[in-house]
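> Below you'll find the structure I mean.
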Amino acid sequence: MSGLSPADAVPSGVRVLVVEDEPQIRTAITITLRATGYEVSTAANAADALVIARRHRPDVVLLDLGLPDHDGLHVIRQLRSWSDVPIVVLSGRTGCGDQVTALDAGADGYVTKPFSIPELLARLRATRRRTGPAHRTTEVDIGRTHVDFTTRSLTAVTDGTPQQLTRTEWDLLELLAGNPGRLMTYTELAHRI
Ligand code: CA
């Protein structure tokens, strides 16, 4: 695959689930994403996609709309019943009605086949920026502490006394807050911070 540049590199540990029934396209996307630093799992149909999404908890899903067992829209609706994972739809359909339907069902982005690799990577980056932890969770109370991720300020809930965190502690807090309910290993945290 051509078209990769250093600017396309992503931190290791970002997990993508690629749902695509055409083996050549699936393989090409997988090779490219792995070369860029993503961790990739794959599914060739809707049923497998839903099982793997629950098991692997991907950070982003690339989803072909035309799948052999169910429509990709079914996958979007099922995922949205329990997950807010960013979903980028891949589709050969060119009618804008399909795009609107996919976005209404809960997709976050859309790439129309045939697409270029830089276009796909840019769409992935843009979707992750828009839906990343800092955007999903802006303010939260943890115990007696109020956390504002936008201004990176920490205050006591009771009297507003400011508290201090180091930069690394903030990064750690944002990462954990952006992955509720997910077990994160020391290795994974060390990689991503
Ligand atoms: Ca297909």
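> Do you know which residues across the stretch 85-97 are at pLDDT below 90 and in contact with a helix residue (DSSP H, G or I) (Cβ under 9 Å, 6 or more places away or on another chain)?
Ser91, Arg93
> List every residue pair whose Cβ atoms lie under 8 Å apart, where the two residues are 6 or more positions apart in sequence or sit on different chains, the first residue falls within the stretch 64-78 and is away from the ligand (no atom under 11 Å from the Cβ) and open to solvent by less than 30 Å² (accessible area, probe 1.4 Å), and the second residue, located anywhere, is small (Gly, Ala, Ser) and not in a helix (DSSP H, G or I).
From the stretch 64-78, the pairs are Ile76/Gly106; Ile76/Ala107.
> Filtering the stretch 24-43 down to residues that are under 19 Å from Ala53 (Cα atoms) and of a type outside the set (S, T, N, Q), which residue is most open to solvent (accessible area, probe 1.4 Å)?
Arg34
> Take the residues in the stretch 79-105 that are loosely packed, with under 15 Cβ neighbours inside 10 Å and over 25 Å from Asn179 (Cα atoms); name whichever of them is nearest to the chain's Cα centre (by Cα).
Val100
> Could I ask something else about it? Restricting to the stretch 160-183, what's the tally of residues that are open to solvent by 60 Å² or more (accessible area, probe 1.4 Å), over 15 Å from Val140 (Cβ atoms) and over 18 Å from the mean Cα position of the chain (by Cα)?
Here the count works out to 7.
> Read through the list (1) away from the ligand (no atom under 14 Å from the Cβ); (2) in contact with a strand residue (DSSP E or B) (Cβ under 6 Å, 6 or more places away or on another chain), then give the number of the only condition that Val111 fails.
(1)
> Scan the stretch 1-42 for residues that are in a helix (DSSP H, G or I), within 16 Å of the ligand (Cβ to nearest atom) and either modelled with pLDDT under 95 or not hydroxyl-bearing (Ser, Thr, Tyr) (or both) and jot them down.
If the condition is that a residue be in a helix (DSSP H, G or I), within 16 Å of the ligand (Cβ to nearest atom) and either modelled with pLDDT under 95 or not hydroxyl-bearing (Ser, Thr, Tyr) (or both), then Pro23, Gln24, Ile25, Arg26, Ala28, Ile29 are the ones that fit.
The values are calculated or read from the model by the stated rules, or taken from the named source; none is laboratory data. The structure displayed is predicted, hence computed values, not measured ones. Don't worry about glycine lacking a Cβ; one is built from the backbone with ideal geometry, like all the others, and counts go over all protein chains shown. Note: areas computed on protein heavy atoms with side chains; ligands, DNA, RNA excluded. Shrake-Rupley method; radii C 1.70, N 1.55, O 1.52, S 1.80 Å.
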